[in-house]
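The values are calculated or read from the model by the stated rules, or taken from the named source; none is laboratory data. None of the values given here were measured: they were computed from a predicted structure. Quick reminder, even Gly has a Cβ in these numbers, built from the backbone with ideal geometry, and neighbours come from all protein chains shown.
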Amino acid sequence: MIAPPRADDTTGIAEMVRQLVGPIAWAELSWTDLFVELRKLGRRSVPGGRLAEGHVDALRILQQAGRVPKPGALYGVWASRSRGAAVTASPADENDGALVLSGSMPFASGCGVIDRSLVTVVTDTEPPQSLLVDAPVEHWKYDHHSWCSDAMSVSRSFTLQLDAEPVPADAVVGGPGFYLERPAFLPGGVGVAAVWTGGAQAVLDVLVGWLSAGTLDQVQSLRIGAIALEVDTCCALLDRAAVALDGPAELTPDETAALCTFTRAGIAAAVRRALQTARDCAGPAGAAHVPQLSGVIADLDLYVRQQHADRDLFALARQAVAG
């Protein structure tokens, strides 16, 4: 694992993300290769993997829209609608198609770290339209007090706060509805689950390294085996999804939705079980005295909560009942 920078060391965090993404041509990877590489990122750093995955996702989205990313820029994707928050886009006074953006958005990962972001916005027209804009964000304002947890603090996922921020007309990527309607939207979400999988492997790595320095008893051995089984379950789910997505038979939209929902839900459930077993295995000594272990567990626990577990179970139930 990479030693994490301090949460206020934006330069160090940016260097970590650049180190993680490296020279890989991310936009050209098959789903199989993408999931393998994203898993590696999560294993090296959970918050770093989260930021790197956002950069990778942005590069692939831009390619899907026929756009070229700005050379050398670190990207993110800001698309949270948590608790109804939204950024509104209004026409600028110049009447040339330019927009002004106002509103707030939580979970804007990489604040103060990334150079640009793909941001989902909603027009103030009737009916409203959903747009995706590619904008420089180094000087955008955010509430750095909005993140109250030490967990995932290195991701700097603050609440964005915009007040009439101008963007040119050519900032719009792909037209109305593009972000959610593109075929790669749901498979891209499996990429997040690949980072979770790498994070679960990181938990196992750190736990085994710590326990191996002492005497490993039978109960701890059983728990290590249980965590290894959950990690392997995650890898198997990723592999199955990759084979289907890269296969010669094109999936229907419904088949893609079912596959991706099942994969994310299955991986999230396995990761949560692995985390609980890791806590039990570490006990109070691991939680109190091994900061690398308590840190990676806390980071992954918060990150995997991004999964809408109950909502996905309802969706999977509907699929099962429908046959």
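Can you spot a residue in segment 217-228 that is in a helix (DSSP H, G or I) and among the acidic types (D, E)?
First, pick out the residues of segment 217-228 that are in a helix (DSSP H, G or I): 218-228.
Now restrict to residues that are among the acidic types (D, E): none.
Scanning segment 217-228, I find no residue that is in a helix (DSSP H, G or I) and among the acidic types (D, E), so the answer is no.
The rows are residues; the columns are (1) assigned by TED's automatic domain parsing to the domain that holds D57; (2) more than 13 Å from G286 (Cβ to Cβ); (3) buried (at least 17 other Cβ atoms within 10 Å of the Cβ); (4) more than 23 Å from the chain's Cα centre (by Cα).
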residue	(1), (2), (3), (4)
G191	no, yes, yes, no
A194	no, yes, yes, no
V206	no, no, yes, no
D217	no, yes, no, yes
L229	no, yes, no, yes
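Taking the options Q307, Q276, name whichever one is in the same structural domain as V208 (by TED's automatic domain parsing) and surrounded by fewer than 17 Cβ atoms within 10 Å (Cβ to Cβ).
Answer to the selection: Q276.
Kindly provide the set of residues from segment 85-127 that are in a loop (DSSP other than H, G, I, E, B) and over 23 Å from the mean Cα position of the chain (by Cα), ordered by number.
Of everything in segment 85-127, those that are in a loop (DSSP other than H, G, I, E, B) and over 23 Å from the mean Cα position of the chain (by Cα) turn out to be A92, D93, E94, N95, D96, G97, A98, D124, T125, E126, P127.
It is to be established whether one or more residues within segment 152-166 are over 15 Å from V119 (Cβ atoms) and in a loop (DSSP other than H, G, I, E, B).
Checking segment 152-166: at least one residue is over 15 Å from V119 (Cβ atoms) and in a loop (DSSP other than H, G, I, E, B).
Of the conditions (1) touching a residue at least 60 places away in the same chain (Cβ under 8 Å); (2) buried (at least 19 other Cβ atoms within 10 Å of the Cβ); (3) not hydroxyl-bearing (S, T, Y), A257 satisfies every one except a single condition; which number is it?
So the condition that A257 fails would be (2).
Look through S45, S82 and report the one residue that is under 17 Å from the mean Cα position of the chain (by Cα), over 30 Å from V208 (Cβ atoms) and of a type outside the set (A, V, I, L, M, F, W, C).
From the options S45, S82, the qualifying one is S82.
For segment 41-79, how many residues meet the condition of being assigned to a loop (DSSP other than H, G, I, E, B) and not polar (S, T, N, Q)?
Counting residues in segment 41-79 that are assigned to a loop (DSSP other than H, G, I, E, B) and not polar (S, T, N, Q) gives 11.
On the given criteria, is A27 in contact with a Lys or Arg (Cβ under 8 Å, 6 or more places away or on another chain), surrounded by fewer than 21 Cβ atoms within 10 Å (Cβ to Cβ), in a helix (DSSP H, G or I) and not basic (K, R)?
So A27 passes the test.
How many of the residues in segment 116-155 are surrounded by 17 or more Cβ atoms within 10 Å (Cβ to Cβ) and either within 17 Å of V173 (Cα to Cα) or of a type in the set (A, V, I, L, M) (or both)?
Matching residues across segment 116-155 total 16.
Being touching a residue at least 40 places away in the same chain (Cβ under 8 Å) and among the basic types (K, R) is the filter here; which residues of segment 204-254 pass it?
Selection gives R223 alone.
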